[in-house]
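Peer 1: Below is the structure I would like to discuss, written out as structure tokens.
The values are calculated or read from the model by the stated rules, or taken from the named source; none is laboratory data. Not measured: the values here are computed from a predicted model. Virtual Cβ from ideal backbone geometry, glycine too; neighbours counted across all protein chains shown. Just so you know, the surface numbers come from the protein's heavy atoms only, side chains and all, with ligands and any DNA or RNA stripped out. Shrake-Rupley method; radii C 1.70, N 1.55, O 1.52, S 1.80 Å.
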Amino acid sequence: QVQLVESGGGLVQAGASLRLSCATSGRSFSTHTMGWFRQAPGKERDFVAAIAWTGYSTYYNDSVKGRFTISRDNAKDTVSLQMNNLKPEDTAVYYCAVSRRVSSRLRNEYDYWGQGTQVTVSS
């Protein structure tokens, strides 16, 4: 059974950093695109960042570019999201996901999802 489990969320003040991690199990995703999405209350789930299976190509939502960094460890089948200089508007549930596409920012092109981890940024 495929599982994606996020960790690392929490409550922080504006300007702080958090590192989210996503552990996968049930199969290897070393040749898949891995991504992060987030969903704030009352809003749609939005793309945050993605990384190609090689780890060399990364993609970011403009709102997080320069502050967030996505990385992966194919040997461990994990993906991480380093979030720096957090802002109150970053508050959301963060989800990791896996896509069979070469690269994707579209929610409906991701096949597997975690349950999410809450990130709350206070002003």
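Peer 1: Only one of Thr69, Thr117 is open to solvent by 60 Å² or more (accessible area, probe 1.4 Å), at pLDDT 95 or above and of a type in the set (Val, Ile, Thr); which?
Peer 2: Numbers: Thr117 fails: open to solvent by 60 Å² or more (accessible area, probe 1.4 Å).
Exactly one of Thr69, Thr117 is open to solvent by 60 Å² or more (accessible area, probe 1.4 Å), at pLDDT 95 or above and of a type in the set (Val, Ile, Thr), namely Thr69.
Peer 1: A further question follows. Would you check which residues across the range 77-114 are open to solvent by 50 Å² or more (accessible area, probe 1.4 Å) and free of Cβ contacts under 8 Å to residues at least 12 places away in the same chain and list them?
Peer 2: Asn108
Peer 1: State whether one or more residues within the range 56-75 are within 15 Å of Val2 (Cα to Cα) and either touching a Lys or Arg at 6+ places or on another chain (Cβ under 9 Å) or among the small types (Gly, Ala, Ser) (or both).
Peer 2: Residues of the range 56-75 that are within 15 Å of Val2 (Cα to Cα), as a first pass: none.
Looking through the range 56-75, none of the residues is within 15 Å of Val2 (Cα to Cα) and either touching a Lys or Arg at 6+ places or on another chain (Cβ under 9 Å) or among the small types (Gly, Ala, Ser) (or both).
Peer 1: Hey, Gly55 hits all of (1) crowded, with 16+ Cβ neighbours inside 10 Å; (2) free of Cβ contacts under 8 Å to residues at least 60 places away in the same chain; (3) at positive phi but one; which does it fall short on?
Peer 2: Just one mismatch for Gly55, condition (1).
Peer 1: Restricting the search to the range 67-123, which residues are in a loop (DSSP other than H, G, I, E, B) and hydroxyl-bearing (Ser, Thr, Tyr)? Walk me through it before giving the result.
Peer 2: In the first step, residues of the range 67-123 are kept if they are in a loop (DSSP other than H, G, I, E, B); the result is 67, 74-77, 84-87, 91, 100-106, 110-111, 114-116, 123.
Listed by number, the residues that qualify are Thr91, Ser103, Ser104, Tyr110, Ser123.
Peer 1: If you check Arg27 against the conditions, is it among the basic types (Lys, Arg) and modelled with pLDDT under 95? Steps first, please.
Peer 2: Numbers: among the basic types (Lys, Arg): yes; modelled with pLDDT under 95: yes.
Criteria met by Arg27.
Peer 1: Here is a further query. Which of the strands (runs of 3 or more DSSP E) found entirely inside the range 2-46 contain at least 2 residues meeting this: open to solvent by less than 60 Å² (accessible area, probe 1.4 Å) and either among the basic types (Lys, Arg) or touching a helix residue (DSSP H, G or I) at 6+ places or on another chain (Cβ under 7 Å) (or both)? Don't jump to the end; show me each part of the working.
Peer 2: Details: elements: 3-7, 10-13, 18-25, 33-39.
In the range 2-46, the matching strands (runs of 3 or more DSSP E) lie at 33-39.
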